[in-house]
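Participant: First, the structure itself, so that you have it in front of you.
The values are calculated or read from the model by the stated rules, or taken from the named source; none is laboratory data. No experiment lies behind these values; they were computed from the predicted model shown. We place every Cβ from the backbone using ideal geometry, glycine too, and count neighbours over all the protein chains shown. Accessible surface is based on the protein model in full, side chains and every heavy atom, while ligands, DNA and RNA are left aside. Shrake-Rupley method; radii C 1.70, N 1.55, O 1.52, S 1.80 Å.
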Amino acid sequence: MLGLPSNLLAFYAFLIKVRKKPTPVDILLLNLTISDLLLLFFLPLKMREAASGMIWDMPLFLCPLTGFGYYSSIYISTLFLTAVSVERYLGVAYPIKYKLHRKPSYATFASIIFWFLACAHCSIVYVVQYSIPNNGTSSNQTKCYETFSQDQLRVLLPVRLELGVVLFFIPSMITLFCYINFVRILLSLPNIQKQRKQRAIGLSLATLANFCICFAPYNISHIVGFIQNESPPWRVQALLLSTFNAALDPVVFYFTSTAFKNTFFDFLAIFFVKLRNVWPCKKLCPRQSDHPFRNSNIERSST
């Protein structure tokens, strides 16, 4: 309910911006939006699975496809959130040097690498499903990617550990370093507007909340599973938290991109106008001319 409309709005805003005058951060945010939409595309299938008591009663070919798309979106989002943090940090730490080398082609190349890394790692879903026998584990016939044989675990657990370390814990440390220094540098500059400093703090908190709330529990389960030599039973609950990523990313878009913020305010203005036409009222529905969002000082220049 929150993620789909906000990400469709973000996709529209970033697509228009990239087609007109692309910047590296716009390209990164567009890919991050596509990653969120990928998660939302497979989310109804996961909801159906949960509503059925974690019993897979849909066509079998959808099981690995759903897992592949769902897990890939998690790590794609992690990599692009890290890339945005690096872009923000370089912009304030080395403004002149970074501006000279700031090219959209670099962001495009990085995006291709990120998609390849995440999808290649998450293809383990197909490897476990079709290439490794389950040695007669009958529960795999009704559950999707939950119960594994020892042969499957010998391959799966080390890959999960690598996924957690390479695609989450290392990017999270990079993100933490970048945003701590990003905020520290901006707060130390006296000529920076208070509004921009507040946006920097909001961006940092929203991104770190994304890592801590949405992705950390699921990736911690990889480490616990590797140590215990089994797939933790609470992994499903940890995976549930990752769905909040689709609702938190638009907060990152708001604090990062003026294009998205302007589109968001324009959408609200249009919504209030439509609401006024459907339900005429003088006190509760503001006119477009005196709409609070339209009269606020909205920074129209690109960040």
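Participant: Which one of these is assigned to a helix (DSSP H, G or I), over 16 Å from the mean Cα position of the chain (by Cα) and among the aliphatic types (A, V, I, L, M): Ala83, Ala120?
Facilitator: Matching residue, one of Ala83, Ala120: Ala120.
Participant: While we're on this one: Go through (1) over 30 Å from Leu186 (Cα atoms); (2) touching a helix residue (DSSP H, G or I) at 6+ places or on another chain (Cβ under 8 Å); (3) open to solvent by 30 Å² or more (accessible area, probe 1.4 Å) one by one and return the number of the condition Pro59 breaks.
Facilitator: That leaves (2) as the condition not met.
Participant: For the range 148-200, which residues satisfy the criterion of being outside any helix (DSSP H, G or I) and either β-branched (Val, Ile, Thr) or at pLDDT 90 or above (or both)?
Facilitator: Ile192 - this is the single residue of the range 148-200 that is outside any helix (DSSP H, G or I) and either β-branched (Val, Ile, Thr) or at pLDDT 90 or above (or both).
Participant: Determine which single condition Ile55 fails, assuming it passes every other condition in (1) in a helix (DSSP H, G or I); (2) of a type in the set (Val, Ile, Thr); (3) touching a residue at least 24 places away in the same chain (Cβ under 8 Å).
Facilitator: Only one criterion in (1) in a helix (DSSP H, G or I); (2) of a type in the set (Val, Ile, Thr); (3) touching a residue at least 24 places away in the same chain (Cβ under 8 Å) is unmet by Ile55, namely (1).
Participant: For Ala118, indicate whether it is surrounded by 15 or more Cβ atoms within 10 Å (Cβ to Cβ) and out of contact with any strand residue (DSSP E or B) (no Cβ under 8 Å at 6 or more places or on another chain).
Facilitator: yes
Participant: Continuing with the same structure: Any idea which of Tyr179, Tyr126, Tyr145 is in contact (Cβ under 8 Å) with a residue 60 or more places away in the chain, under 30 Å from Ser52 (Cα atoms), open to solvent by less than 60 Å² (accessible area, probe 1.4 Å) and under 26 Å from the mean Cα position of the chain (by Cα)?
Facilitator: Tyr145
Participant: Given the conditions (1) part of a helix (DSSP H, G or I); (2) buried (at least 16 other Cβ atoms within 10 Å of the Cβ); (3) over 22 Å from the mean Cα position of the chain (by Cα), which single one is not true for Gly69?
Facilitator: The one condition Gly69 does not meet is (3).
Participant: Here's another thing I want to ask about it. Given the criterion open to solvent by 20 Å² or more (accessible area, probe 1.4 Å), closer than 14 Å to Ser85 by Cα and either more than 21 Å from the chain's Cα centre (by Cα) or of a type in the set (Gly, Ala, Ser) (or both), identify the matching residue among Arg184, Arg199.
Facilitator: After ruling out the rest, the residue left standing is Arg184.
Participant: I'd like the full set of residues that are in a helix (DSSP H, G or I), farther than 25 Å from Cys119 by Cα and of a type outside the set (Gly, Ala, Ser), limited to the range 1-38.
Facilitator: Across the range 1-38, the qualifying residues are Pro5, Leu9, Ile16, Lys17, Arg19, Lys20.
Participant: Mind telling me which of the residues Arg48, Arg102, Arg88 ends up being assigned to a helix (DSSP H, G or I) and surrounded by fewer than 23 Cβ atoms within 10 Å (Cβ to Cβ)?
Facilitator: Going through Arg48, Arg102, Arg88 in turn, just one is assigned to a helix (DSSP H, G or I) and surrounded by fewer than 23 Cβ atoms within 10 Å (Cβ to Cβ): Arg48.
Participant: Please tell me if Thr33 is of a type outside the set (A, V, I, L, M) and closer than 24 Å to Lys261 by Cα.
Facilitator: It is true that Thr33 is of a type outside the set (A, V, I, L, M) and closer than 24 Å to Lys261 by Cα.
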